[in-house]
Amino acid sequence: MAAGSFEDKAFANICRGLGQLLAEGNFCDVCIIVGEKQFSCHRVVLASVSTFFKTSLMKASREGSSSVIDITHDDVSPESFEILMNILYIGTDVVNKENGKDILRMCVYLQVKFLEDHCVDFLCKNLQVEICLETWQFAQKYDLETLAQACYKMAAEQIKLILQQDELLTLPKSMLQVLLSLQTQLSADDICKTILRWVEAKQEARSIHLAEFLPFVCFTSLSSQYLCELVSYLNHPFREVLFDKINNALTYNMKGVQNNDALVRRKALAQQSLPLWTNEIQYRVVMFGGYEVPENAMKSVFVLYPGDNFSTRFSLSPLPEDNGLDFASCALNNQVYVSGGSQLPTFFAVYKPGDNEWEMLPSLPGEGRERHVMAAMSSNVFVLGGLEKIPKSKKGKKVVSSSILKYCIKSKEWSVFGQLPVGVEEAAAAVLGHRIYLFGGNDTKGVNTDVVQCVDTLSGCTYQAGKLPSPACGARALSNGGHIYVATPAGDILRMWERFTVAEEREKSQKDEPTVRFKEVSKFTGRRHFGACLYPGEIILCGGQNEERQLMNSVERKRVTYDSITTTQNILMMGAAKFDLHVLNIPLAYLTTRA
């Protein structure tokens with residue numbers, strides 16, 4: 001007898017027997033009302049498959065309530081509930097293309113997990129390009145990550161067909177950002193046209209988000225014909241957002257290309273956010289600060305090249321001041337902003353690859369920061385949390401800060417933006433749309449926390465968005481504009497699932513509901529004070545300290561696809577820790593000094 005066949009026969013007989021009892025009306029002990037229809041059922045059957053019914057029936061039993069449950073939710077119709085009864089009591093699989101979503105939304109509400117999984121599997125297998133955007137929105141609404149992933153994978157692979165669908169213009173902002181973050185087929189013209197079409201479809205509501213999409217466009221790659229069309233936007237309501245980008249692209253084409261001015265080309269290309277690979281400029285991993293001799297802070301800036309397995313490195317212009325360790329950095333428009341540090345907490349400067357130069361910027365307000373995090377978007381740089389010295393403290397006592405500072409790049413002015421719900425140091429931060437997420441850190445009591453905090457940069461709202469699977473201090477957070485990955489010192493690589501529809505409601509109503517959750521997608525060798533970056537197509541993790549506080553020189557590269565991550569390993573020239581990594585477009589003219 002084949003393994004499992006007796007079990008199958010046993011359950012088949014139980015199911016057949018239950019169906020017969022129901023048909024005869026025997027032992028039915030609960031009535032479910034859906035709309036105007038009543039269903040006689042058995043408590044034990046419903047409670048065994050549905051968390052909703054288990055909770056409701058246990059409560060009714062304790063309170064001695066009536067054995068009647070009236071379901072009035074829109075996601076449960078008499079037709080779908082009748083199908084559920086047939087599945088439970090007869091065992092027939094009646095899920096099809098017409099009723100699959102109706103059954104699935106009912107299962108989500110009633111928490112019938114086995115049938116929910118079956119419906120998701122069915123919809124994934126029968127997914128078609130014509131309905132994948134509609135199905136994706138459905139999956140987002142009902143928080144169905146597996147189905148959503150299948151949808152955006154198909155949409156990314158069939159992007160040229162997707163661009164022809166009107167449904168594209170109805171996508172929420174976060175979904176379009178996911179789609180653009182995955183694209184590898186579209187020209188710069190197509191990307192820019194798609195963004196402008198989407199914004200203009202609901203211009204009054206969406207224009208505020210235009211700047212968030214610009215990092216997806218390489219303006220120097222726009223065709224001359226389309227660039228001429230874009231000039232009309234210089235007299236458009238979008239002028240303030242687009243002017244610098246269009247002007248930069250025009251200068252690149254007219255002076256750089258047509259007049260063959262290499263310096264103009266170099267500076268224009270070095271302002272593009274997307275990775276470039278030309279005869280003049282190429283993307284590289286750039287390492288800022290840290291130490292290779294324990295606690296001996298370096299001012300060095302090194303260029304590393306994964307293409308030669310990190311076997312060589314070049315020096316760029318070093319940090320202009322000895323700001324020490326425990327600084328923070330962030331990238332915007334292919335420039336890196338660095339602030340604070342153990343030796344010079346008020347330090348603030350920006351590195352510009354086009355000139356291979358640093359520009360000193362207005363100092364951080366007050367006593368400055370260390371062990372903080374930074375994030376940047378549009379034309380603003382944010383400094384969040386960290387340690388700050390107590391003013392006028394004779395012993396130099398420091399406290400964990402919860403304040404958020406904002407630096408306006410255009411006006412070169414600092415301001416106080418708000419307060420974090422939980423003050424933290426050694427957290428990690430990443431940007432998704434208009435939201436900054438902070439992950440873990442040490443709280444004001446010196447305890448590692450698992451709290452995930454969100455800063456809504458549009459409304460100024462801050463809130464706890466959820467929790468990491470476990471507390472993490474000194475993690476690294478990486479964003480590609482559509483997804484965030486979190487690498488923890490314990491060696492976990494997590495992918496964050498943003499419930500952005502819930503986030504939007506929460507930012508309006510301040511409801512206390514988690515807006516994020518996490519899935520472990522890979523492992524790496526655990527370490528503290530390591531560096532990490534999101535290189536095109538892969539996550540790079542390197543350096544740091546092991547449990548014995550010895551410097552590590554290993555590099556682990558995680559090749560990221562839609563549904564899997566593979567690993568390769570390299571070695572750094574020297575062990576290092578407490579450095580930051582960024583992927584930047586670097587002019588080849590500056591890659592001359594080997595380090």
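Here is how the numbers come out for the structure above:
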quantity	calculated
Filter result for the condition that a residue is farther than 22 Å from residue 335 by Cα and of a type outside the set (Phe, Trp, Tyr), over 592, 567	567
Among the candidates 177, 272, 185, residue that is buried (at least 19 other Cβ atoms within 10 Å of the Cβ) and in a loop (DSSP other than H, G, I, E, B)	272
Single match in 331, 349, 376 (criterion: in contact (Cβ under 8 Å) with a residue 60 or more places away in the chain, crowded, with 16+ Cβ neighbours inside 10 Å, of a type in the set (A, V, I, L, M) and in a strand (DSSP E or B))	331
Answer from 482, 537, 491 - the residue that is surrounded by 21 or more Cβ atoms within 10 Å (Cβ to Cβ), outside the structural domain of residue 263 (by TED's automatic domain parsing), within 23 Å of the chain's Cα centre (by Cα) and closer than 27 Å to residue 181 by Cα	482
Some residue of segment 451-469 being touching an Asp or Glu at 6+ places or on another chain (Cβ under 6 Å), buried (at least 20 other Cβ atoms within 10 Å of the Cβ) and not aliphatic (A, V, I, L, M)	no
The lone exception for residue 310 - which of (1) at pLDDT 95 or above; (2) in the same structural domain as residue 550 (by TED's automatic domain parsing); (3) part of a loop (DSSP other than H, G, I, E, B) it fails	(1)
Any hit, segment 120-128, residues being under 30 Å from residue 220 (Cα atoms), of a type in the set (S, T, N, Q) and assigned to a loop (DSSP other than H, G, I, E, B)	no
Matching residues in segment 438-471 - criterion: being free of Cβ contacts under 8 Å to residues at least 40 places away in the same chain and within 29 Å of residue 537 (Cβ to Cβ)	470
Among residues of segment 553-587, those that are under 16 Å from residue 523 (Cβ atoms) and more than 22 Å from the chain's Cα centre (by Cα), counted	4
The listed residue being in contact with an Asp or Glu (Cβ under 6 Å, 6 or more places away or on another chain), touching a residue at least 24 places away in the same chain (Cβ under 8 Å) and of a type outside the set (A, V, I, L, M, F, W, C), out of 300, 273, 315, 223	223
Positions within segment 357-373 being in contact (Cβ under 8 Å) with a residue 40 or more places away in the chain and either over 21 Å from residue 324 (Cα atoms) or not in a loop (DSSP other than H, G, I, E, B) (or both), in sequence order	357, 358, 360, 370, 373
Residue list for segment 133-146, restricted to those being buried (at least 22 other Cβ atoms within 10 Å of the Cβ) and not small (Gly, Ala, Ser)	133, 135, 136, 140, 144
Residue ranges of strands (runs of 3 or more DSSP E) in segment 394-460 with at least 1 members more than 23 Å from the chain's Cα centre (by Cα)	398-400, 403-408, 413-419
Meets criteria (without any contact (Cβ under 8 Å) to a residue 40 or more places away in the chain, buried (at least 16 other Cβ atoms within 10 Å of the Cβ) and over 26 Å from residue 430 (Cα atoms)) for residue 248	yes
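The values are calculated or read from the model by the stated rules, or taken from the named source; none is laboratory data. Keep in mind that this is a model prediction, so the values were computed, not measured. Here Cβ is always computed from backbone atoms with ideal geometry, including for glycine, and neighbour counts include all displayed protein chains.
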